[in-house]
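Values quoted throughout were computed directly from the atomic coordinates according to the rules given, and no laboratory measurement underlies them. If you're wondering where the values come from, they're calculated on a predicted model, not measured in any experiment. Every residue, glycine among them, receives a Cβ derived from its backbone with ideal geometry; neighbour counts consider all protein chains shown.
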Amino acid sequence: MNFYKPYKETKMVCTLCQHYCKIKEGNTGICGVNKNVGGAIECLVYGYPSALNIDRIEKKPLYHFLPGSKILSLGTVGCDFKCSFCQNWDISQEQKVDKSHYYSPKDIVKLAVDNECPSIAYTYNEPTIFYPYARDIALEAKKEGIKSVYVSNGFESNEVIEDMENIIDAINIDLKSFDPHYYKKNLRGNLDKVLENIKSFKRKKIWIEITTLIVPTQNDSDEELDKIVSFIKNELGVDVPWHITAFHPDYKDLALPPTSVESLKRAYDIGKSYGLNYVYMGNITHETPTICPSCGTVLIQRDYFKETISFLDHSKCFNCGTEIQGVFHE
Ligand code: SF4
């Protein structure tokens with residue numbers, strides 16, 4: 001399947017993300033890794049992950065999707081956003097592809113099978129820019145009963161979103177701000193497109209969790225957090241988990257302070273005050289457990305990226321039988 005089409009006489013449009021770059025022969029788009037080669041867009045990172053690890057799924061973060069399981073995680077160089085605070089900037093803002101080792105989709109799936117990983121994550125940089133590779137891996141993985149997880153900025157093209165249905169099983173989307181100017185100026189993205197995409201994932205029944213990196217002075221006002229939480233509640237529902245994670249100075253934002261625990265707790269309180277059932281604080285040394293929204297029983301206990309203990313009775317609270325939203329079985 002191709003994710004490009006001709007544009008006028010001399011260009012091709014890449015249809016992988018909402019930038020829809022119009023690319024001349026021999027040039028690449030904004031991400032630097034999709035190139036017009038002879039009238040076709042070639043994904044230069046296909047087969048060349050720049051990072052390949054086995055993580056705990058909680059690290060993605062996904063808390064309601066196969067909790068406690070291992071996940072084979074891969075990313076490539078390149079990104080379609082230019083976030084000044086990127087925590088993975090060394091690969092996301094790199095465009096030089098290391099071609100010393102080719103991993104076919106089958107190779108990646110074999111690694112997942114050999115390491116007993118029930119799922120594979122496309123993560124570290126924005127996976128939409130390497131969707132042709134992620135898609136082929138995901139289809140190969142399905143043959144082995146292995147699920148696929150996307151960790152994304154939510155800037156997929158309409159074409160990619162249409163295609164992801166029944167291929168990608170879960171997605172964690174960064175909702176980085178609720179300020180359209182901030183999205184445009186600081187991230188080179190578009191808030192409205194991201195919000196529309198998040199709603200599309202929900203309609204397509206892909207399991208969604210939302211993450212907001214709380215960056216001091218940039219997106220941490222009560223007013224902005226209110227808007228983020230209202231969107232989650234009104235458009236996605238109170239059962240969609242919201243991860244609020246701590247920023248550490250990185251890349252170009254070295255002058256900003258790290259997020260304080262107090263600031264995370266303030267965001268947590270705002271989330272809970274709107275009735276969100278699952279608000280989780282991350283990148284700090286303690287992790288928030290999953291608590292039954294009906295009876296308050298602790299259902300999943302996490303120990304900072306080391307161990308997860310689930311007390312769920314299948315997907316139900318063992319104490320009162322309330323159904324907990326998520327994917328809890330392979
Ligand atoms: S993936 Fe996005 S940024 Fe990269 S070339 Fe395609 S449309 Fe442009």
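Key figures for this structure:
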item: Neighbour-count order for 139, 62, 175, fewest beta carbons within 10 angstrom listed first; result: 139, 175, 62
item: Amide H contacts under 5 Å for residue 209, placed H, 5+ residues apart; result: 171, 172, 173
item: Relative packing of peptides 239-248, 159-168 - highest average C-beta neighbours within 10 Å first; result: 239-248, 159-168
item: Descending semi-axes in Å of region 55-194, equivalent ellipsoid built from Cα gyration tensor; result: 25, 17, 14
item: Top of 268, 63, 103 by mean-square fluctuation, Gaussian network on the chain, Cα under 10 Å; result: 103
item: Environment charge of residue 23, counting only residues whose C-beta is closer than 11 Å and scoring Lys/Arg +1, Asp/Glu -1; result: +2
item: Subset of 22/204; 106/143; 202/265; 82/184; 35/99; 35/142 violating a 18 Å alpha-carbon distance limit; result: 22/204; 202/265; 35/142
item: Dipole moment magnitude, nearest 20 debye, region 4-43 about Cα centre, only Lys, Arg, Asp, Glu C-beta charged; result: 120
item: Sequence-distant residues sharing a close amide H with residue 280 (under 5 Å, placed H); result: 242, 243, 244
item: Two-decimal ratio, region 4-43, of alpha-carbon radius of gyration to 2.2 N^0.38 Å; result: 0.94
item: Euclidean distance between Cα centres, region 174-191 to region 1-66, Å; result: 20
item: Residue exposure sequence - 295, 317, 14, 79 - by fewest surrounding Cβ within 10 Å; result: 295, 317, 14, 79
item: Helix-only [θ]222 nm of the chain, DSSP H runs n ≥ 4, -39500 (n - 2.57) each, per residue, nearest 500; result: -6000 deg cm²/dmol
item: Listed residues 262, 196, 235, most fluctuating in the chain (Gaussian network, C-alpha, under 10 Å); result: 262
item: Trypsin sites (Lys or Arg not before Pro) lying in DSSP loop within region 245-316, provided at most 15 other Cβ fall within 10 Å; result: 252, 306
item: Furthest towards positive pole of dipole, 164, 284, 320, structure part the chain, Cβ charges; result: 164
item: Gyration tensor (Cα) of the chain, equivalent ellipsoid semi-axes in angstrom; result: 32, 24, 18
item: Cleavage-rule hits, GluC sites (Glu not before Pro), region 1-86, DSSP coil, Cβ neighbours within 10 Å at most 16; result: 9, 25
item: Whole-Hz ³J(HN,Hα) from phi, Karplus 6.51 cos²θ - 1.76 cosθ + 1.60, for region 164-176, glycine and proline x; result: 5, 4, 6, 10, 9, 8, 8, 9, 9, 10, 7, 9, 7
